[in-house]
Every structure is written in structure tokens, then in C-alpha cells.
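Notes follow once the structure below has been shown.
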Amino acid sequence: MALNEKEIWDYLKKKIGNDYGVAGTIGNLYAESGLNPKNLEGTYEKKLGYSDEKYCAAVDDGTYTNFVNDSAGWGLAQWTWWTRKQALYEFAKSKGKSIGNLTMQLDFLFKELNEGYKSLLNTLKNAKSVAEASSALMLKFERPYDQSIAAQNKRASYGQNFY
């Protein structure tokens, strides 16, 4: 297990407590970002002219000011919608952390789950399979463009690998 994988697994295990829920969650985060908290959505790297690291630094130091409204997916969960990116940005700043900080993003993920996705969090804590947890997170939290059974199965297979 790579460093981010172990750190993310251990964090999720403390919060979710159910290996199926942990694996389903980490599989989705892997599908979204490769478990890279500094992941800028690929199509936006060229569009905005930033690498992952340079985008993160420019947002953190204030030289790039359109983070909230640029529609680029960012971080572990590829937060994209402006209200969620604004909340992530404000959360990072309130903690004195970079927008690319892994632990801050995990803390924010659980803030979102606790405040707006309680039934999903309950599903993750009580899932009876990786596929159940993975599909629940994909369809209720991540909501990617492709929500097909094939896409659900692919994400579940990522989670199964972590399981």
C-alpha cells in the first residue's frame, strides 16, 4: 500500500469502522483522483495552464483567484460544484492548511458526509459488500457523468482491490 493509500485507509477505518464501507469509499476516491489530494481535473490542466502542484500553490498563495468558480474538479473527491469548492476552500483556510492537504480534505469529506449525507454515511457504516458501499457513494455523493452499471462495477472493482 502506498503512503496515501495507507493514510486514507486508516483515516476512513476510524470514521466508518466497516471495511466494506472503507473499501467502497477509497475505490471511489481512486476513480476520481488516483488518491492524489492535489489532483486538478485533467482537461483543466491544459485549459487553465496549470499542473496539479502549480494550481494548488497559486490558489494557496492567492495568485489564482477563480478556484471556486472555474468548474475544475479538485482534490481527492474531485470537488467541482462551486458551492462545494467554496466550502472546501473556506474549510482549508479556517484550518490554516493548503487546499491540497490530504488530512484536511479527509476532514472536509467527513464534514460533508455528516452534515449533508447522513443516510449515505449510515450505508457506508453498515454495508454488506464493497459493491453496495461503492455504488452508494458513487450515486449519492460523487455523481459522475457516467453512472452506468459498468461504471459502478469498475469503481467497485477498485474498492475490491483495496479490500
What Kirkwood radius, in Å to one decimal, follows from the Cα pairs of the chain? 15.8 Å
Entries in LYS38/LYS140; LYS54/LYS154; LYS46/LYS118 that, when Cα-Cα distance is taken, lie over 25 Å: LYS54/LYS154; LYS46/LYS118
To the nearest 10 square angstrom, what accessible area does ASP107 show with a 1.4 Å probe? 60 Å²
Dimensionless Rg/Rh of region 105-163 - Kirkwood Rh, Rg from C-alpha atoms: 0.97
How much solvent-accessible surface does SER51 expose, in Å² to the nearest 10, with a 1.4 Å probe and all protein chains in place? 50 Å²
Proximal aspartates and glutamates relative to LYS47, as straight alpha-carbon distance under 13 Å, when same-chain residues fewer than 8 apart are discounted: ASP70
Quick one: Kirkwood hydrodynamic radius for region 1-91, alpha-carbon pairs, angstrom, one decimal? 13.9 Å
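Compute the Rg/Rh shape ratio of region 42-100: radius of gyration over Kirkwood radius, all on alpha-carbon atoms.
Value, to two decimals: 0.92.
For region 39-87, what does the accessible surface come to per residue with a 1.4 Å probe? Please give it in Å². Don't jump to the answer; show the numbers that get you there.
Numbers: 2560 Å² over 49 residues.
Value for region 39-87: 52 Å² per residue.
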Sorted largest first, extent of region 65-143 alpha carbons per principal axis (Å): 43, 23, 18
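The values are calculated or read from the model by the stated rules, or taken from the named source; none is laboratory data. Being a predicted model, the structure only gives us computed values, none of them experimental. Please note that ligands, DNA and RNA were not included when accessible areas were found on the heavy atoms of the full protein model with its side chains. Shrake-Rupley method; radii C 1.70, N 1.55, O 1.52, S 1.80 Å.
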